[in-house]
1. Can you find a residue in the range 47-55 that is buried (at least 17 other Cβ atoms within 10 Å of the Cβ), touching a strand residue (DSSP E or B) at 6+ places or on another chain (Cβ under 6 Å) and modelled with pLDDT of 95 or more?
2. Does E307 qualify as being part of a loop (DSSP other than H, G, I, E, B), at positive phi and either charged (D, E, K, R) or in contact with a Gly (Cβ under 8 Å, 6 or more places away or on another chain) (or both)?
3. So for the range 68-79 (the condition being more than 20 Å from V566 (Cα to Cα), open to solvent by 10 Å² or more (accessible area, probe 1.4 Å) and of a type in the set (V, I, T)), does at least one residue qualify?
4. Identify the residue in the range 572-584 that is under 18 Å from S130 (Cβ atoms) and out of contact with any helix residue (DSSP H, G or I) (no Cβ under 6 Å at 6 or more places or on another chain) and, among all such residues, is surrounded by the fewest Cβ atoms within 10 Å (Cβ to Cβ).
5. Does the range 317-336 hold any residues that are within 19 Å of V291 (Cβ to Cβ) and either open to solvent by 60 Å² or more (accessible area, probe 1.4 Å) or of a type in the set (S, T, Y) (or both), and which are they?
6. Quick check on my filter: what residues within the range 91-129 are more than 18 Å from the chain's Cα centre (by Cα) and free of Cβ contacts under 8 Å to residues at least 60 places away in the same chain?
7. What residue, among those in the range 457-496 that are of a type in the set (S, T, N, Q) and modelled with pLDDT of 85 or more, is most open to solvent (accessible area, probe 1.4 Å)?
8. Condition first: open to solvent by less than 30 Å² (accessible area, probe 1.4 Å) and touching a strand residue (DSSP E or B) at 6+ places or on another chain (Cβ under 9 Å). Now tell me which residues in the range 11-23 satisfy that.
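The values are calculated or read from the model by the stated rules, or taken from the named source; none is laboratory data. This one's a predicted model, so the numbers in the text were calculated from it and none came from an experiment. Heads up, the Cβs are rebuilt from the backbone with ideal geometry, glycines too, and the neighbour counts pull from every protein chain shown. Just so you know, the surface numbers come from the protein's heavy atoms only, side chains and all, with ligands and any DNA or RNA stripped out. Shrake-Rupley method; radii C 1.70, N 1.55, O 1.52, S 1.80 Å.
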Amino acid sequence: MEDQPLHRQLGLSDDEFDRIRDLLGRDPSDLELAMYGVMWSEHCSYKSSAVHLGRLPTEAPWVLVGPGEGAGVIDVGDGLAVAVRIESHNHPSAVEPYQGAATGVGGIIRDVFSMGARPIALMDPLRFGSLDEPRNRFLFEGVVSGISGYGNAVGVPTVGGEVVFDPCYAENPLVNVLCIGVLPVERLVLARAQTVGGLAVLLGASTGRDGIGGASVLASAGFEEGSEEKRPSVQVGDPFEEKKLIEACLELLERGLAEGVQDLGAAGLSCACSETAAKGGHGIDVDVARVSHREPGMDPAELMTSESQERMLAIIRPDALGDVLELCGRWEISATVVGRVTESGRMRVYDGLFDAVGVPGSNPPPARGDAPTAPSSDAPPIADLPVASLGEGPRYRRPVARPEGQDALQASDPWMALADRFPASADLSGEVLALLGTPTIADKSWVWSQYDHQLFLNTVAGPGGDAAVLRLRDPERGVDTGRALAISTDGKGRFCRLEPRSGGRLVVLEAARNVACTGAVPKALVNCLNFGNPEHPEVMWQFAEVVEGMSQACEALGIPVIGGNVSFYNESYGSDIDPTPVVGVIGVIDPFEGDVPGLSASEGEHLVVLGPTALDLGGSEWAAVVHGLDGGVPPAADIELARRLHDLVASLVRGRVVGGVHDCSDGGLAVCLAEMAVGGEVGARVELSLAPGAGGLVPAAALFSESANRVVVAVAADRVGEVLAAAQAASVPAADVGVAGGDRFVVEGCVDLALADVDAAWRDAIPSLMEAVPAQAAG
């Protein structure tokens with residue numbers, strides 16, 4: 001690598017280097033190259049994805065802030081707004097799982113409170129390889145520990161998420177984190193340098209080498225031999241410093257002392273300073289001598305690109321500096337003036353100018369072993385470039401190509417191989433237990449029991465349900481609005497590999513369906529698009545198709561996309577992960593009566609299936625994981641039926657007509673019904689052939705099909721007719737298929753199991769795998 005020109009070492013192509021030279025009219029300095037290298041990285045610039053993302057619908061009357069800011073924001077009434085952000089920390093977590101995951105949590109929290117919102121909840125959609133492999137257990141354990149260690153300490157509850165295990169993630173786990181916050185509408189701020197002469201104040205932790213290129217570099221290339229050398233690029237988090245930052249920044253904004261606040265995330269000061277200035281239509285001067293750093297010998301490029309954690313940039317008026325410094329002193333966080341807003345339209349970086357020309361503040365003490373920087377009023381800029389150019393990186397319409405084997409993959413219908421093995425007379429009891437014991441299906445309490453999900457006492461429904469539910473309160477006054485928020489995250493990587501456009505639709509439908517199961521109306525969506533190498537035409541075809549499918553579903557359901565993240569280069573040794581879009585949907589329950597139905601059935605309740613079942617085994621957990629048959633086509637994504645089903649289910653829940661409700665997805669009716677039985681600690685007796693569409697299928701096909709647009713509700717006997725009538729009025733197929741009761745789980749003619757065995761298969765799977773052999777770093 002060292003024999004490559006510097007721009008290539010920094011991830012810039014020859015064409016990009018030529019473009020920089022044309023912009024500047026000269027050869028760039030090493031510092032300028034470093035700044036362009038991080039700002040034009042795939043992670044920061046969206047250079048391969050931007051041409052496709054414009055397809056997503058982003059507007060609605062309730063949207064206050066859409067994509068492109070620290071977080072998306074929606075108006076939820078009563079003078080309150082909700083900020084939502086989702087991000088990936090995949091590559092750092094693959095290198096150092098604890099800190100990679102922990103700092104992903106810290107970064108997403110800072111994005112949310114930079115908008116003026118108090119963070120109230122986290123969710124964590126995760127993907128790993130098989131737990132049979134020691135290294136995957138090491139990654140799994142480290143990531144979960146990192147999320148719990150940081151989230152619990154910083155005081156923001158982790159209320160849900162999902163965990164999927166698949167061999168394609170073995171070398172490249174996916175660690176996505178969502179944060180939601182609440183704010184008074186009048187406190188909403190954007191990261192803008194609005195006033196010439198304004199001061200850029202660096203708040204929080206000192207700067208080190210631990211985060212140089214952490215997200216911007218690690219997330220812009222795949223993993224190859226020697227990736228262990230990237231470990232120093234992973235940031236190191238301090239949740240206690242973060243907690244002080246939260247309170248200090250919210251007070252700054254509440255008192256009107258800051259025009260804008262921005263997290264120092266990917267690309268560090270290079271990004272925060274240039275973006276706030278460019279969005280305000282101004283320029284900015286920065287003096288690296290003002291940057292407090294904890295390691296000796298750090299050069300300007302390191303100081304400008306470090307991604308050390310727990311740092312924020314606040315843009316303030318000069319006359320507010322005294323109040324800002326007093327406030328920061330009270331919260332015991334460092335505050336240093338590192339920049340000033342100019343009308344030049346340029347970003348100029350100096351080393352030792354500010355103390356000499358009277359910019360408020362002073363150089364901090366040097367790191368141990370360093371000599372103080374000598375102030376000089378004649379100090380020339382060590383970087384001088386058009387400020388907007390850092391955020392106006394290249395845009396590529398990369399080649400797209402349908403994979404050569406796609407037709408053959410879709411033609412490999414798993415039922416062709418399974419039909420003879422599972423005739424109508426087959427006993428499926430063992431198949432149900434095997435399916436419940438697969439880690440993706442199994443109980444995840446090993447994960448969420450490590451999280452504090454009751455902080456703030458807002459959590460009504462936490463981890464383990466279809467969606468999390470939080471009381472909607474004014475975060476500053478503690479006033480309950482009588483409404484609630486529902487949030488669900490979902491991803492469908494296997495479906496997207498088989499047919500990306502359908503997979504894109506299905507992931508939106510499932511997240512919206514989960515939110516509807518709480519009685520909520522979906523109001524917004526954020527996405528984290530995890531894909532392989534964008535330089536592979538097959539990956540870009542998958543990406544374009546998934547985005548198109550997501551767009552179609554969002555438009556039809558009326559759900560605006562208010563923000564997101566693209567994570568490319570999720571590949572290892574030339575092998576791309578399955579295309580894995582993860583979405584978070586947030587909805588509002590209005591009014592909220594104090595609770596929501598659980599994923600359970602009670603003794604004597606009837607089980608009603610809403611929505612039709614078809615022969616949909618392509619990409620199913622039963623076919624792909626239990627039997628190793630991962631071809632075929634995914635279920636049909638009937639968006640109009642989805643809309644009717646969501647409205648029906650939400651109205652039944654809000655009307656308190658049903659006692660239990662569960663989305664039917666991974667594992668089909670087998671898993672949905674079994675989880676409701678386990679959740680209610682009661683058996684069930686079901687006649688599968690009564691389910692809509694199931695009568696024409698053999699039991700195995702009907703039981704394990706993963707047809708979309710299905711929900712099972714548990715209903716008191718005297719209200720079954722009411723549910724069936726409502727379904728008929730909504731044009732949603734429905735049928736009463738059985739009754740909860742006893743201590744056995746029975747599907748007539750094919751399954752007869754003790755409830756205790758069902759419970760053990762589901763509950764013991766992950767703990768048994770994690771305890772079998774000690775996890776280790778190297779496989």
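1. Of the range 47-55, the ones buried (at least 17 other Cβ atoms within 10 Å of the Cβ) are 47-49, 52-53.
Then keep just the ones that are touching a strand residue (DSSP E or B) at 6+ places or on another chain (Cβ under 6 Å); that gives 49.
Now drop any that are not modelled with pLDDT of 95 or more, which leaves 49.
For the range 47-55, residues buried (at least 17 other Cβ atoms within 10 Å of the Cβ), touching a strand residue (DSSP E or B) at 6+ places or on another chain (Cβ under 6 Å) and modelled with pLDDT of 95 or more: present.
2. Spelling it out, it is not the case that E307 is part of a loop (DSSP other than H, G, I, E, B), at positive phi and either charged (D, E, K, R) or in contact with a Gly (Cβ under 8 Å, 6 or more places away or on another chain) (or both).
3. Yes; the residues of the range 68-79 include at least one that is more than 20 Å from V566 (Cα to Cα), open to solvent by 10 Å² or more (accessible area, probe 1.4 Å) and of a type in the set (V, I, T).
4. Y573
5. Residues satisfying the conditions are L325, S334, T336.
6. Result: G129, single match.
7. T481
8. Hit for the range 11-23 is I20, nothing else.
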